[in-house]
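A.B. asks: This is the structure I want to talk about, given as structure tokens.
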Amino acid sequence: MPQRLVIGNWKLHLTAPEAVALADGLAKGLGTLDWDPARVGVGVAPSFPLLVPVAQALGGEDARIDLVAQACHPEHGGAFTGAVSVEQLASVGVRRVIVGHSERRRIFGVDDPQVTRAVHRVLDAGLSAVACVGETLAERNADRARDVVLSQLDAVLQGVKGSAIERLIVAYEPVWAIGTGQVATPEQAGEVHGWIHERLASFHPSGSQVPVLYGGSVKPGNIAELATTPGIDGALVGGASLDTDSFLKIVQGVIHAS
Ligand code: PGA
């Protein structure tokens, strides 16, 4: 069984004091739950300038909640104004990096070759990559969801060398479900998760252990159904991760399903 995970993607939200208050509330709230991070990993992904204060609020080196970055640049360093490297992220305690989120692809022009390089860089640095794949509504309606998702996944896998796959996480996020309130049905999500798991298993003997998260309008009210769907190993949560109670309820939903 792959590990179960819930990751909150805070996107471009929160000031430093707000982020610290949220991180503090989550650390305290999770402390009251019967929660084993080895069974259900929990992470939060604040914007770059908030990583250090959030790391401190989560408990520094003793934190049980993982610090996650929303993106990285695939270069080690150099003349890349505005970019942030994997080494810089690792140096402030980041453990996982989201790669190829659909907003990065659509708004910032990140393409599959860049995803390949970023995945490679993240895994090579010993961090874990949360690689996002997902089709648009037009692609789904044109019956192209499978092709699109698997070709994005192939670009991800090109960046994975051998046993580094043990640090890979895949997130299936149908673009039409992100921030829209329109969640994929368990049948729709389960079908795509099945394709992804199949491809991962044929890619490498450890591929069957790669967690595949669902993302797109995950809420406390739909997590139970999603988390009990075969092939869904957890959630990448946007909007609902900005509220302590709703994020804790989603974590609880995944704990109960595991
Ligand atoms: P959402 O975002 O939960 O607000 O739909 C999910 C994501 O973009 O990761």
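The values are calculated or read from the model by the stated rules, or taken from the named source; none is laboratory data. Model, not experiment: these values are computed from the prediction. Cβ coordinates were reconstructed from backbone atoms using ideal geometry, including for glycine residues, and neighbour counts include every protein chain displayed.
A.B. asks: Determine which single condition Ala71 fails, assuming it passes every other condition in (1) surrounded by fewer than 18 Cβ atoms within 10 Å (Cβ to Cβ); (2) in contact with a helix residue (DSSP H, G or I) (Cβ under 7 Å, 6 or more places away or on another chain).
C.D. replies: Every condition holds for Ala71 apart from (1).
A.B. asks: Quick one: which of Glu87, Glu61 is outside any loop (DSSP other than H, G, I, E, B), farther than 20 Å from Gly215 by Cβ, touching a Gly at 6+ places or on another chain (Cβ under 9 Å) and at pLDDT below 95? Walk me through it before giving the result.
C.D. replies: Details: Glu87 fails: at pLDDT below 95.
Answer to the check: Glu61.
A.B. asks: Based on this model, can you work out whether Pro113 counts as assigned to a helix (DSSP H, G or I), at pLDDT 95 or above and loosely packed, with under 15 Cβ neighbours inside 10 Å? Steps first, please.
C.D. replies: Details: assigned to a helix (DSSP H, G or I): yes; at pLDDT 95 or above: yes; loosely packed, with under 15 Cβ neighbours inside 10 Å: yes.
Taking the combined requirement at face value, the residue satisfies it.
A.B. asks: Here's another thing I want to ask about it. Tell me, which helices (runs of 4 or more DSSP H) wholly within segment 159-258 include 2 or more residues that are more than 16 Å from the ligand (Cβ to nearest atom)?
C.D. replies: On the way: elements: 186-203, 223-227, 244-257.
By residue number, 186-203, 244-257.
A.B. asks: I would also like to ask the following. Looking only at segment 31-58, count how many residues are assigned to a helix (DSSP H, G or I), surrounded by fewer than 18 Cβ atoms within 10 Å (Cβ to Cβ) and either modelled with pLDDT under 95 or of a type in the set (Val, Ile, Thr) (or both).
C.D. replies: Keep residues of segment 31-58 that are assigned to a helix (DSSP H, G or I), which gives 31, 48-57.
Checking which are surrounded by fewer than 18 Cβ atoms within 10 Å (Cβ to Cβ) leaves us with 31, 48-49, 52-53, 56.
Subsequent filtering for residues that are either modelled with pLDDT under 95 or of a type in the set (Val, Ile, Thr) (or both) retains 31, 52.
Residues in segment 31-58 being assigned to a helix (DSSP H, G or I), surrounded by fewer than 18 Cβ atoms within 10 Å (Cβ to Cβ) and either modelled with pLDDT under 95 or of a type in the set (Val, Ile, Thr) (or both): 2 in total.
A.B. asks: For segment 158-192, which residues satisfy the criterion of being among the hydrophobic types (A, V, I, L, M, F, W, C) and over 16 Å from the mean Cα position of the chain (by Cα)? First the steps, then the outcome.
C.D. replies: Filtering segment 158-192 down to residues among the hydrophobic types (A, V, I, L, M, F, W, C) leaves 160, 164-165, 168-171, 175-178, 183-184, 189, 192.
Once the filter is applied, which keeps residues that are among the hydrophobic types (A, V, I, L, M, F, W, C) and over 16 Å from the mean Cα position of the chain (by Cα), segment 158-192 yields Val160, Ala164, Trp176, Val183, Ala184, Val192.
A.B. asks: Right, something else. Is there any pair with a first residue in segment 1-18 that is farther than 15 Å from Glu103 by Cβ and a second that is of a type in the set (Lys, Arg) and more than 16 Å from the ligand (Cβ to nearest atom) whose Cβ atoms are under 7 Å apart and which are 6 or more apart or on different chains, and what are they?
C.D. replies: Sorted first by the residue in segment 1-18, then by its partner, the pairs are Arg4/Arg39.
A.B. asks: Can you tell me which residues in segment 1-30 are of a type in the set (A, V, I, L, M, F, W, C) and assigned to a loop (DSSP other than H, G, I, E, B)? Reasoning before the result, please.
C.D. replies: Here is the first cut: in segment 1-30, the ones of a type in the set (A, V, I, L, M, F, W, C) are 1, 5-7, 10, 12, 14, 16, 19-23, 26-27, 30.
Within segment 1-30, Met1, Trp10, Leu12, Leu14 qualify.
A.B. asks: I've got another one for you. Would you please name the residue that is nearest to Pro2 (Cα to Cα), looking only at residues in segment 146-196 that are surrounded by 14 or more Cβ atoms within 10 Å (Cβ to Cβ) and of a type in the set (Lys, Arg)?
C.D. replies: Per the criteria, the residue is Arg167.
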